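Since the structure comes first, as structure tokens, the remarks are kept for the end.
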Amino acid sequence: VTVAYAGTLAATGGTPPYTWSLIGTLPPGLVLDSGTGALSGTPTAAGTYAFTAQLSDAGTQTASQALQIEVAPAPLVSIAITPSNPSVVIGGTQAFTATGTYADATSQDLTAQVAWTSSSPAVASIGASGLATTLSVGATTITATLGPVSGNASLTVTPPPLAITTATLPGGTVTVAYAGTLAATGGTPPY
């Protein structure tokens, strides 16, 4: 579909010139040149199309041949990944979706069909369903590939938010040495 087609019916014997005709249906978008036997055009629908080629010569001879043309779906031309540039806190997950666009302008969810990879598996690993698990702070490129076509998205893994975890401190006494510690989580040490 959407790719120009060219094929030619051929014959031997009889008395040229030949005249070609068909019984049945060519793929939509294709035509037969009755003088040369050339089949040409651009298919517009996928499927298997059966027909009988009929030939007559300048004399009284005729011949026929059952044939078929199988038209494949339009080729995949691009893959888009969403979200395209998410930021996730370390330890979190991010689901990605891959949508393919075909040469006939149709689109399809390819999430379960593509091969998923991460350029930095130590930052985030990604499973066959498009779910990325974050492992360390940094950036990675997530790629979805199907045949010769691929698409990319970037994923940034950030540290958790900085927070002070000390809610109270022990009391002190005059002339007695004091010890207490402030504590925090998140952010990027050292604090």
**Complete:** If the chain between GLU70 and THR2 were fully extended at 0.36 nm per residue, the gain over the current Cα-Cα distance would be 23.1 nm
**Asked** Percent relative contact order of the stretch 117-189, based on C-alpha pairs within less than 8 angstrom and at least six residues apart?
**Response** 23 percent
**Message:** From Cα pairs below 8 angstrom and at least 6 apart in sequence, can you work out the relative contact order of the chain, rounded to a whole percent?
**Reply:** 15 percent
**Prompt:** Comparing THR82, THR145, THR19, which has the greatest mean-square fluctuation in the GNM of the chain with Cα pairs linked when under 10 Å apart?
**Reply:** THR19
**Message:** What is the percent carbon and sulfur in the accessible area of the chain, measuring with a 1.4 Å probe over the protein chains and ignoring ligands?
**Reply:** 59 percent
**Item:** Solvent-accessible surface (1.4 angstrom probe) belonging to SER107, in square angstrom, nearest 10
**Value:** 80 Å²
**Item:** Relative contact order, percent, the stretch 1-97 [alpha-carbon distance under 8 Å, six or more residues apart]
**Value:** 27 percent
**Message:** Tell me the per residue accessible area of the chain using a 1.4 Å probe; a whole number in Å² is fine.
**Reply:** 58 Å²
**Asked** Only one of the listed values, [x] 24, 20, 17; [y] 72, 11, 10; [z] 38, 23, 17, was derived from the coordinates as semi-axes √(5λ) of the Cα gyration tensor in Å; which label is it?
**Response** [y]
**Fill in**
Taking r as the C-beta separation of THR48 and ALA10 and R0 as 30 Å, the FRET efficiency to the nearest 0.05 is 0.90
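The values are calculated or read from the model by the stated rules, or taken from the named source; none is laboratory data. These numbers come from a predicted model, not from an experiment. No Cβ is skipped: glycine too gets one built from the backbone with ideal geometry, and neighbour counts run over all protein chains shown. Heavy atoms of the whole protein, side chains included, go into the accessibility calculation; ligands, DNA and RNA do not. Shrake-Rupley method; radii C 1.70, N 1.55, O 1.52, S 1.80 Å.
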